[in-house]
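The values are calculated or read from the model by the stated rules, or taken from the named source; none is laboratory data. The shown structure was predicted, so the numbers you read here are calculated from the model rather than taken from an experiment. Heads up, the Cβs are rebuilt from the backbone with ideal geometry, glycines too, and the neighbour counts pull from every protein chain shown. Side chains are part of the model used for accessible areas, which takes the heavy atoms of the whole protein and leaves out ligands, DNA and RNA. Shrake-Rupley method; radii C 1.70, N 1.55, O 1.52, S 1.80 Å.
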Amino acid sequence: MKIKDIHSLHQEDLENSLHPSIFYTDKNYDLFILRLPSFLNNKLEFLNYSFIITNEEYAYFDNQNKQIISLNSIKEFYLYLDKSIKSTMKLTNDYYSKVLDLEESVYENKKQDTFNKTWYEYKNELIRVNRILYKANEALENLIDTYKNEKDYLERNFANIQEHLQRSYRTTGLCLEKLDVLYNFHQSKTSEQMNKIVYVLTLLSGIFLPLNLIVGFFGMNTTSLPFTKFENGTYFVISILIMTGILASILIIYLKRK
């Protein structure tokens, strides 16, 4: 098959590197595009694997060189897909391991200075991967449903790679669920820590508020203040402050137990 034999609209689909996964049946050929996640240079990317299927052959579209490469048999077609989908399985399993590591560090109360940044990065990437794999599963299922009654080899072997792709999709879904639980737990823990800090500050305020009132009273620049004419007046005031602080502390402890 040559590129000129493909309808112009389908040529655009084949050459579009952002085209979602799809299986399309035409009178002269079938078009199968499988879009899968991949890591390139430590960055998440999405690659398209495009195929043209006729009664006589299976062919792969080389998007870089804009040419159709014939595959010798359905087995070669299967092996091509199997390699790509196994790479996807590895990618999703790596994400699962990363999420488990994050989960372990959070539940063991390890210091998490970059939790929000890490969580957002995983969440954003996994949502994209999950969405892409959903469409890929749908396209592969349509391919198998169309051909499973015609070729025993396809029905028997493609069910295997379909299971791998479905497993990858489920893995991303599980990761997203874990991330949601982790975020809620982390927020609850952070709120609890903040509540403890506010509680301590409230206790200190309750103790020092009457002391500030007393100090402010005796600090007024007016005449006839108590203890100003006593030789040990300062010690009396200090004693009052100490007693007031003790009484305030006892009152707070009593109210807390009550």
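Is there any pair linking a residue in segment 104-120 that is without any contact (Cβ under 8 Å) to a residue 40 or more places away in the chain to one that is surrounded by 15 or more Cβ atoms within 10 Å (Cβ to Cβ) and of a type outside the set (S, T, N, Q), with Cβ under 8 Å and at least six apart or on different chains, and which?
Once the first residue is without any contact (Cβ under 8 Å) to a residue 40 or more places away in the chain and sits in segment 104-120, its partners that are surrounded by 15 or more Cβ atoms within 10 Å (Cβ to Cβ) and of a type outside the set (S, T, N, Q) give 118/102.
For segment 86-104, does any single residue satisfy the condition of being closer than 25 Å to residue 163 by Cβ, over 21 Å from the mean Cα position of the chain (by Cα) and open to solvent by 70 Å² or more (accessible area, probe 1.4 Å)?
Just the residues of segment 86-104 that are closer than 25 Å to residue 163 by Cβ, to begin with: 86-100.
Those left that are additionally over 21 Å from the mean Cα position of the chain (by Cα): 86.
Filter once more, so that each one left must be open to solvent by 70 Å² or more (accessible area, probe 1.4 Å): 86.
Yes.
Give the residues of segment 128-166 that are open to solvent by 70 Å² or more (accessible area, probe 1.4 Å), at pLDDT 85 or above and either touching a helix residue (DSSP H, G or I) at 6+ places or on another chain (Cβ under 7 Å) or of a type in the set (Asp, Glu) (or both), sorted by residue number.
Listed by number, the residues that qualify are 134, 138, 141.
Scan the strands (runs of 3 or more DSSP E) fully inside segment 19-59 and keep the ones with 1 or more residues being among the hydroxyl-bearing types (Ser, Thr, Tyr), modelled with pLDDT of 90 or more and in contact with a Lys or Arg (Cβ under 9 Å, 6 or more places away or on another chain). Working first, answer last.
On the way: elements: 22-25, 30-40, 43-53.
Where strands (runs of 3 or more DSSP E) fall fully within segment 19-59 and carry at least 1 residues being among the hydroxyl-bearing types (Ser, Thr, Tyr), modelled with pLDDT of 90 or more and in contact with a Lys or Arg (Cβ under 9 Å, 6 or more places away or on another chain), they are 43-53.
Quick one: would you say residue 116 is open to solvent by 80 Å² or more (accessible area, probe 1.4 Å), modelled with pLDDT under 90, closer than 30 Å to residue 185 by Cβ and among the polar types (S, T, N, Q)? Quick ask: steps written out before the conclusion?
Working: open to solvent by 80 Å² or more (accessible area, probe 1.4 Å): yes; modelled with pLDDT under 90: yes; closer than 30 Å to residue 185 by Cβ: yes; among the polar types (S, T, N, Q): yes.
Yes.
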